[in-house]
6 protein chains.
Amino acid sequence: MSKLKPQTRDKLKTVSTATICTALYKRGLRNQMIQDVVPLDAKKPTMVGEAFTLRYIPAREDLNPITVFNDRGHPQRKGIEDCPPGAVFVIDSRRDPRAASAGNILVTRLQVRGVAGIVTDGGFRDAAEIARLDMPSFHVRPSAPTNLTRHQAIDVNVPIGCGDAPVFPGDVIVGDSDGVVVIPAHLADEIADEAVEMTTFEDFVAEKVFEGRSILGLYPPTDENYRTDFALWRKAKGR
Amino acid sequence: MSKLKPQTRDKLKTVSTATICTALYKRGLRNQMIQDVVPLDAKKPTMVGEAFTLRYIPAREDLNPITVFNDRGHPQRKGIEDCPPGAVFVIDSRRDPRAASAGNILVTRLQVRGVAGIVTDGGFRDAAEIARLDMPSFHVRPSAPTNLTRHQAIDVNVPIGCGDAPVFPGDVIVGDSDGVVVIPAHLADEIADEAVEMTTFEDFVAEKVFEGRSILGLYPPTDENYRTDFALWRKAKGR
Amino acid sequence: MSKLKPQTRDKLKTVSTATICTALYKRGLRNQMIQDVVPLDAKKPTMVGEAFTLRYIPAREDLNPITVFNDRGHPQRKGIEDCPPGAVFVIDSRRDPRAASAGNILVTRLQVRGVAGIVTDGGFRDAAEIARLDMPSFHVRPSAPTNLTRHQAIDVNVPIGCGDAPVFPGDVIVGDSDGVVVIPAHLADEIADEAVEMTTFEDFVAEKVFEGRSILGLYPPTDENYRTDFALWRKAKGR
Amino acid sequence: MSKLKPQTRDKLKTVSTATICTALYKRGLRNQMIQDVVPLDAKKPTMVGEAFTLRYIPAREDLNPITVFNDRGHPQRKGIEDCPPGAVFVIDSRRDPRAASAGNILVTRLQVRGVAGIVTDGGFRDAAEIARLDMPSFHVRPSAPTNLTRHQAIDVNVPIGCGDAPVFPGDVIVGDSDGVVVIPAHLADEIADEAVEMTTFEDFVAEKVFEGRSILGLYPPTDENYRTDFALWRKAKGR
Amino acid sequence: MSKLKPQTRDKLKTVSTATICTALYKRGLRNQMIQDVVPLDAKKPTMVGEAFTLRYIPAREDLNPITVFNDRGHPQRKGIEDCPPGAVFVIDSRRDPRAASAGNILVTRLQVRGVAGIVTDGGFRDAAEIARLDMPSFHVRPSAPTNLTRHQAIDVNVPIGCGDAPVFPGDVIVGDSDGVVVIPAHLADEIADEAVEMTTFEDFVAEKVFEGRSILGLYPPTDENYRTDFALWRKAKGR
Amino acid sequence: MSKLKPQTRDKLKTVSTATICTALYKRGLRNQMIQDVVPLDAKKPTMVGEAFTLRYIPAREDLNPITVFNDRGHPQRKGIEDCPPGAVFVIDSRRDPRAASAGNILVTRLQVRGVAGIVTDGGFRDAAEIARLDMPSFHVRPSAPTNLTRHQAIDVNVPIGCGDAPVFPGDVIVGDSDGVVVIPAHLADEIADEAVEMTTFEDFVAEKVFEGRSILGLYPPTDENYRTDFALWRKAKGR
């Protein structure tokens, strides 16, 4: 059962991973960015959803013939079918993109099932086709070899590392063109609220900077006038 | 003399490096993907051709003044002029993109000579211009410094390593948006046949998945019904 | 006060970083390319300007609360406001893109102030928005975490390393789709002149290669006929 | 309950990880060496025991105050107390030695409890003291920061990756001055037998090579005479 | 003028970098360990002293002929002569050990001048001779090429990064067989006091563990009895 | 036939790789150090000999069953038997120590045959035994897996890269506790002479520094008095 409130999801869709990182930083959380991953299509809308995880370990040759997928209980296949709609499927590939974490067919299945997105700290095969799906996806780089070459799926929905960030099932995952950030579940609502506020102010600042104002006194608004200006601007913009 | 049958070349143009990797994996070949290389233009058609190789070693300063290219027998220049039409020019740059493996003029010459493509596990200079050529090209990242800065061309058409994969002259090289794979020469025909078959099945599966079917029982087709469906689908599609 | 002559700036806008690297190589300078950085938007015109630098060291947690930016004298903020119009802002991020070197608002401020471009050997946050600005920008990869997470701004306009290249304030920085090169200040005029000459010749060569000529004897022009042809071609083209 | 036969343990104590790797290679197992780890004291006897594992994920700051160890059920502490005598404690530190995997007190506790050894693909703190214990230990390099800085213990005795090798609980771990190898549990007996045989032959070969014989025909013994010589040598040596 | 109290220096000589890291961790400082450096001689006593720094940038060939050392004001030479007795000479080599940071003669000069030790996040040449000096030294690995090959000394006694840790002039540097840690100057006294206390307790714990006690309840001492035992033990030992 | 004069060999045995690197640097050669390799036994005398090379490429599984060594013409085995006495056996392992470059039996055979030493930019198996041989050996780190796991021997005595340095057959290889340097064959005599001279001066300087002299004016000897002192010192020492 999802614990992510629809309003929180909606708010997070309107803010950037950069803003969220700053809000987390203020709370002492410095390692929540999944390092080194990029969107397959940087033009997709922001991805938001609760983490559903898959853990890979290095593949042992005798345990990974191509026939393992005949087993309907294989953790990779099972994970794909069990991931809840609205969740983000997050794969711990030990930062190893030398073999694929998944390919087009599995990612398409996730999309059809209503999953909100997919992230791996490895790589996807059929990357061009995955990029053309509606569902957002993030990886390190394309990687054609079958996952069995390097990765053995071992666990579903346990705490994992992904791109040197900790990911617990249920954490709220947000991804945009800068990459993917992990919000601890219990902070999602307050981070969403704060990030929306910060975004409003940053939009005001960006407008002033484009108008030619110095950042000194404005960003952050140590100059009292800017606080007044901002209050008026909010009113005018209805934000 | 090319040993690559025209039909095999044509078949390989219709399949993906991902599918080829799986076919190689079934034969115990796990390291045939050239790691870390990407197409300069991901929209080009699939590259297919037999490997013609160039081997670089680290450059020694006294042996690599800019005047070395006055020698018509310089291995890099000679390699460019000797690479057969229809082949793929594969460069062992020791995975070092700190200096260029080649630039626009040499790559253009290869295209004019009818070469099928070029791959380096280093980088190209003039990368934007090379990307605009018709001939497909693959590298790690752009790199402006002249190759003499780091690389000394030493051998033409010997076995090499490229992106941690073994490449023997005459191996069949296939490149698409996921990267570049090396098919041992003696396996090219059977891999091409098998990959075409696999692609047909994967197209069927993708269609079913888009229609909302679970992957369980379908991919792989452990459910007997799917085998019947697939037989009918092939008939209907004439594949 | 800028020492970069307007004509030199104009010439450098018409040549490539690859050509400049070769001209530097002829003078024994092999490490002037800033390694691993790419343009955020590869379609921007060539960036040219004198280096104005910012040096980061690793962040110490107690010195980097979010409130440090309340200080108008903070080196990062000060650097942004002090960088001269026409200069290129170059950041030494110790090749660490795990946190941002800067974000959209600061980069926009540089653009509004007439700065010619920005380079970091780390990463920018809000990378998609920075890419859409008119001012060219170069980094390793996007990075959402606030710079305080990893980087503490410590010095403005001192000699730095950037992407394993030495950068002295006032060096002439040129960036295009292949990346960014550093021309020592005292060589800017002669490199610009030589690079323009080399570009003219390379354009001639490219034309000949497209017409089907071998590179042997042509590139470099050891065949006397080509020198004559080139002289005629220049005349015809008025170059 | 240990499934490792005492005779198998004894045999494995007399052979090298190099010989074991070759025996595994003959069975198609190429990735059983834990990469990059070294013994803290290269003079210790060979370590042999069944794997008991600990899994770390990246630490989240709010979950890892120094007070977590007040919890007697903390997985790291619990793992140390639960690891069976005769086993090898294997830690998945995600190849990250920037913070310690464990320190002197915990490793001493393992020794006192009769554990056969400890391996991490990270680093130990108090490395000099750990090296002086009787129990063999293996890591990447010393690392003083407390494990909480980077690592959160999350699971005990699950399958893990360690140094890019798969490790299942109960696999037989062997460590010597070359490093640490993982023998799948079901192969331990046959690998032990084969490795003892190989070692006998290699000792014979080494003796012949020191006497001045060429390796051709001897290693491997394609020369029939050497097979006879070896049979006589075994008889004489009683091996 | 040194601000490091003699008693603080003496206390720090009796504690480990591991213990200091834990004390820093309790204060929210997680990145004070200089990563990847090892002692040239692991048997030396603990190094303690205030940081005196040297900053290198990448070498530019035309600025670094062998004759630069004819200049008595060259920052590397000057730094060696200016470093105060009792200080630790810390070099920012940008984590690049491909050329030496210094060699035997300069390090000997530091020893003769009464300097307390030397650290680089690069490498030393003449490493075996430096290891035999009395003064402790720390680096990544030996490196024979002259520093001019890669490094240009540019600044003396400015804040630097070393092994991904921030180092400010005057910070207190402590090095032992686990490596080197940086204590912010203002914390030196309290960290020294706390580390001495922690060491006393850890010695007690180690003794108990060798006697066969479980770590549960003992480390940390959540079992009240252990606190009593420890009080008695301290009394008995006079610590 | 060796072209290395006995006197040159003898001189090189008395100087350090650090001194040789400086002599090469003066001639514009900056990349002759084999990066990242260490002696297996740092106490061995200096290794000197002409390079005899072996080139590995990445192993292809079907070409590397354990039975390949039944072929007496296998390049690795042949290289071992063909390497001339007095030469240094240098292996291009593509800087990959994940599998062994060679093991104890082959290295012993080289020693028995009178070879002067062995270097790989990968790793050796049976490293402890190899360290105990009389012949010096250098590698990156121990590595137990058979070379067939990753490396296929493909060529003997061709130009190679080793540790990012160019190595041509016949180049003079010198190794000591700092690592291994490559002297181009045609420079061996003059480098040997110059290095002996430099060593004499450095010994003088070291003595003066131990006596308490500043390095300013002494190293280099810009102070005229030191030149006189040195002349007297040489006379007194008979050097």
Within segment E:217-238, considering residues that are of a type in the set (Ser, Thr, Tyr) and over 14 Å from E:Glu202 (Cα atoms), the one most open to solvent (accessible area, probe 1.4 Å): E:Thr228
Criterion violated by D:Pro84 - all others in (1) over 30 Å from E:Arg27 (Cα atoms); (2) assigned to a helix (DSSP H, G or I) satisfied: (2)
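Say whether the condition of being open to solvent by 30 Å² or more (accessible area, probe 1.4 Å), more than 22 Å from F:Gly28 (Cα to Cα), modelled with pLDDT of 95 or more and not acidic (Asp, Glu) is met by at least one residue in segment F:178-193. Write out each step before concluding.
We begin by selecting, within segment F:178-193, every residue open to solvent by 30 Å² or more (accessible area, probe 1.4 Å); these are F:185-186, F:189-190, F:193.
Remaining after also requiring more than 22 Å from F:Gly28 (Cα to Cα): none.
Taking every residue of segment F:178-193 in turn, none turns out to be open to solvent by 30 Å² or more (accessible area, probe 1.4 Å), more than 22 Å from F:Gly28 (Cα to Cα), modelled with pLDDT of 95 or more and not acidic (Asp, Glu).
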Any chance F:Gln111 is open to solvent by 10 Å² or more (accessible area, probe 1.4 Å), more than 8 Å from chain D (Cβ to nearest Cβ), in a helix (DSSP H, G or I) and of a type outside the set (A, V, I, L, M): yes
Among residues of segment D:69-108, those that are within 12 Å of chain E (Cβ to nearest Cβ) and among the aromatic types (Phe, Trp, Tyr), counted: 1
Residue pairs meeting the criteria (Cβ under 6 Å; at least 6 apart or on separate chains; first farther than 17 Å from E:Arg98 by Cβ, in segment F:158-182; second assigned to a loop (DSSP other than H, G, I, E, B) and open to solvent by less than 10 Å² (accessible area, probe 1.4 Å)): F:Asp171/F:Pro184
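Can you report the number of residues in segment E:138-157 which are more than 14 Å from chain F (Cβ to nearest Cβ) and open to solvent by less than 30 Å² (accessible area, probe 1.4 Å)? Can you show your working first?
First, pick out the residues of segment E:138-157 that are more than 14 Å from chain F (Cβ to nearest Cβ): E:138, E:154-157.
Of the ones still in play, those that are also open to solvent by less than 30 Å² (accessible area, probe 1.4 Å) are E:138.
Summing the residues that are more than 14 Å from chain F (Cβ to nearest Cβ) and open to solvent by less than 30 Å² (accessible area, probe 1.4 Å) in segment E:138-157 gives 1.
Can you go through D:Val37, D:Val15 and tell me which one is over 26 Å from D:Arg150 (Cβ atoms), open to solvent by less than 20 Å² (accessible area, probe 1.4 Å) and of a type in the set (Val, Ile, Thr)? Give the derivation first.
Details: D:Val37 fails: over 26 Å from D:Arg150 (Cβ atoms).
After applying the criteria, what remains is D:Val15.
Name the residue, out of C:Arg109, C:Arg60, C:Arg98, that is basic (Lys, Arg) and closer than 28 Å to C:Leu12 by Cβ. Quick ask: steps written out before the conclusion?
Values: C:Arg60 fails: closer than 28 Å to C:Leu12 by Cβ; C:Arg98 fails: closer than 28 Å to C:Leu12 by Cβ.
Answer to the check: C:Arg109.
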Residue tally, condition open to solvent by less than 100 Å² (accessible area, probe 1.4 Å) and in a loop (DSSP other than H, G, I, E, B), over segment F:1-12: 3
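Only one of these is β-branched (Val, Ile, Thr), in contact with a Phe, Trp or Tyr (Cβ under 9 Å, 6 or more places away or on another chain) and under 26 Å from B:Arg132 (Cβ atoms): B:Ile66, B:Ile57, B:Ile91. Name it. Before the answer, list the steps.
Values: B:Ile66 fails: under 26 Å from B:Arg132 (Cβ atoms); B:Ile57 fails: under 26 Å from B:Arg132 (Cβ atoms).
Matching residue, one of B:Ile66, B:Ile57, B:Ile91: B:Ile91.
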Residue under evaluation D:Arg30, criteria (1) of a type outside the set (S, T, N, Q); (2) free of Cβ contacts under 8 Å to residues at least 40 places away in the same chain; (3) in a loop (DSSP other than H, G, I, E, B); (4) open to solvent by less than 20 Å² (accessible area, probe 1.4 Å), criterion not met: (4)
Close pairs from segment E:205-219: first at the interface with chain D (Cβ under 7 Å from one of its Cβ atoms), partner buried (at least 19 other Cβ atoms within 10 Å of the Cβ) and among the polar types (S, T, N, Q), Cβ under 8 Å, at least 6 apart: E:Ala206/D:Asn104; E:Ala206/D:Thr108; E:Val209/D:Thr108; E:Phe210/D:Thr108
Lone qualifier among A:Val68, A:Val15 - being in contact (Cβ under 8 Å) with a residue 24 or more places away in the chain, aliphatic (A, V, I, L, M) and assigned to a loop (DSSP other than H, G, I, E, B): A:Val15
Any hit, segment A:35-53, residues being more than 14 Å from A:Val174 (Cα to Cα), touching a residue at least 60 places away in the same chain (Cβ under 8 Å) and assigned to a strand (DSSP E or B): yes
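Being of a type in the set (Val, Ile, Thr) and free of Cβ contacts under 8 Å to residues at least 24 places away in the same chain, is that true of even one residue in segment F:186-195? Break it down stepwise before answering.
In the first step, residues of segment F:186-195 are kept if they are of a type in the set (Val, Ile, Thr); the result is F:191.
Restricting the remaining residues to those that are free of Cβ contacts under 8 Å to residues at least 24 places away in the same chain gives none.
The answer is no; no qualifying residue exists.
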Matching option when the condition is more than 9 Å from every other protein chain (Cβ to nearest Cβ) and in contact with a helix residue (DSSP H, G or I) (Cβ under 9 Å, 6 or more places away or on another chain), among C:Leu40, C:Leu24: C:Leu40
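For residues that are open to solvent by less than 10 Å² (accessible area, probe 1.4 Å) and either more than 28 Å from E:Pro6 (Cβ to Cβ) or in a loop (DSSP other than H, G, I, E, B) (or both), tally how many sit in segment E:116-126.
Taking segment E:116-126 first, the residues open to solvent by less than 10 Å² (accessible area, probe 1.4 Å) are E:117-124.
If we keep only those that are either more than 28 Å from E:Pro6 (Cβ to Cβ) or in a loop (DSSP other than H, G, I, E, B) (or both) too, we end up with E:121-124.
Count: 4.
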Residues located in segment D:55-95, provided they are touching a His at 6+ places or on another chain (Cβ under 7 Å) and either modelled with pLDDT of 95 or more or open to solvent by 30 Å² or more (accessible area, probe 1.4 Å) (or both): D:Tyr56, D:Ala59, D:Ser93
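The values are calculated or read from the model by the stated rules, or taken from the named source; none is laboratory data. Here the structure is a predicted model, which means the values were calculated and not measured. Cβ sites come from the backbone with ideal geometry, for glycine too, and all protein chains shown count toward neighbours. Accessible surface is based on the protein model in full, side chains and every heavy atom, while ligands, DNA and RNA are left aside. Shrake-Rupley method; radii C 1.70, N 1.55, O 1.52, S 1.80 Å.
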